[in-house]
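The block underneath contains the structure these notes are about, expressed in structure tokens.
The values are calculated or read from the model by the stated rules, or taken from the named source; none is laboratory data. All values derive from a computational prediction rather than experimental measurement. Cβ placement follows ideal geometry from the backbone for every residue including glycine, while neighbour counts extend to all protein chains displayed. Just the protein is used for accessible areas: all its heavy atoms, side chains included, with ligands, DNA and RNA removed. Shrake-Rupley method; radii C 1.70, N 1.55, O 1.52, S 1.80 Å.
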Amino acid sequence: MATIISVTDLSKSFSDSLALNRINFTVEKAELIAIIGPSGCGKSTLLRCLNGLELLDEGSVQIGDVNLERHHGEQPPDFQQRLRALREEVGMVFQSFNLFPHLTALENAIKAPMVVRKMKRAEAEEKARVYLEKVGLGNRMHHYPSQLSGGQQQRAAIARALTMSPKVMLYDEPTSALDPGLVGEVLSIMRQLDDEGMTQVVVTHEMRFAREVADRIIFLQQGELVESAPPEELFTAPRDDRTREFLKDFL
């Protein structure tokens, strides 16, 4: 399998606080990677560095053919162009949906392809309808966010990201804002995309989902990548005491 994401010596600080300390990992095409760890360990910061919402201080992130790097405070002269190109390769789904409230599900899905990719409205609508159908919103595409349940809004957000034809999908706690009964709706879409070969990186507290669906799990603590392993290995025989302590209720 081909490597589609490569993270090398990634570090990120906020003021005097080190959020990420020399993170290294790769993701193969079609893998589903779950990132777990205690609150405040750097999971969301890492995810946001992958698509440039947070700028890494040091190291590099490569997604597909696009490399974003900074070393010793220096960056390439074409850094901003690389940043825009990187974001076009990545679909991002947030915990708070982030749908435009004044636009329908369909209008939300077509906005970025038309603005960023300069896609004609008819083409954007055709793609958006396919993905809204895929996530089970074929009969809700003309509804506004206020007319959708939390689970439906998150599925609309996934369809919106997919309409951009990303190489990679990133999810930041995509079920944390949902009622327990709606969590399964979103996780089932992610399972379906995994079956279809979409590369996905998911920050999650859903340990059961991580164990059953992820190809590999990355455990972070205090800004460090402590351990990376297949789910059964991590949940049955973690190598590091910090991993074992975090997972003690699940082992």
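Table for the structure above
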| item | result |
| --- | --- |
| For region 1-52 and region 127-202, distance of Cα centres in Å | 22 Å |
| Amide H within-cut-off set for ILE4, under 5 Å, with H built and near neighbours excluded | VAL27, GLU28, LYS29 |
| Nearest-20 debye value, the chain charge dipole, Cβ charges on Lys, Arg, Asp, Glu | 860 debye |
| Accessible area (Å², per residue) of region 148-251, counting only protein heavy atoms and a probe of 1.4 Å | 40 Å² |
| Unit charges at the beta carbon, dipole of region 158-230: most positive-side option, THR204, THR175, ILE189 | ILE189 |
| Whole-Hz couplings from phi, Karplus 6.51/-1.76/1.60, listed for region 31-42; x for Gly and Pro | 6, 10, 10, 9, 10, 10, x, x, 4, x, 7, x |
| Accessible surface of region 160-211, 1.4 Å probe, proportion on carbon and sulfur as whole % | 48 percent |
| By accessible area with a 1.4 Å probe, ligands and nucleic acids excluded, highest first: order of ASP172, ASP9 | ASP9, ASP172 |
| Positive-end extreme of charge dipole, region 1-106 - chosen from ASN24, GLY37, LEU55 (charges on Cβ) | GLY37 |
| Region 200-209 - phi-based ³J(HN,Hα) in whole Hz, Karplus 6.51/-1.76/1.60, Gly and Pro as x | 9, 10, 10, 7, 8, 9, 7, 5, 5, 4 |
| Accessible area in square angstrom per residue, region 26-85, 1.4 angstrom probe | 42 Å² |
| Pairwise label distance in nanometres, GLU232 with LYS248, each label 7 Å out on the Cα-Cβ vector | 2.7 nm |
| Residues whose placed amide H lies under 5 Å from that of GLU54, excluding near-sequence neighbours | CYS49 |
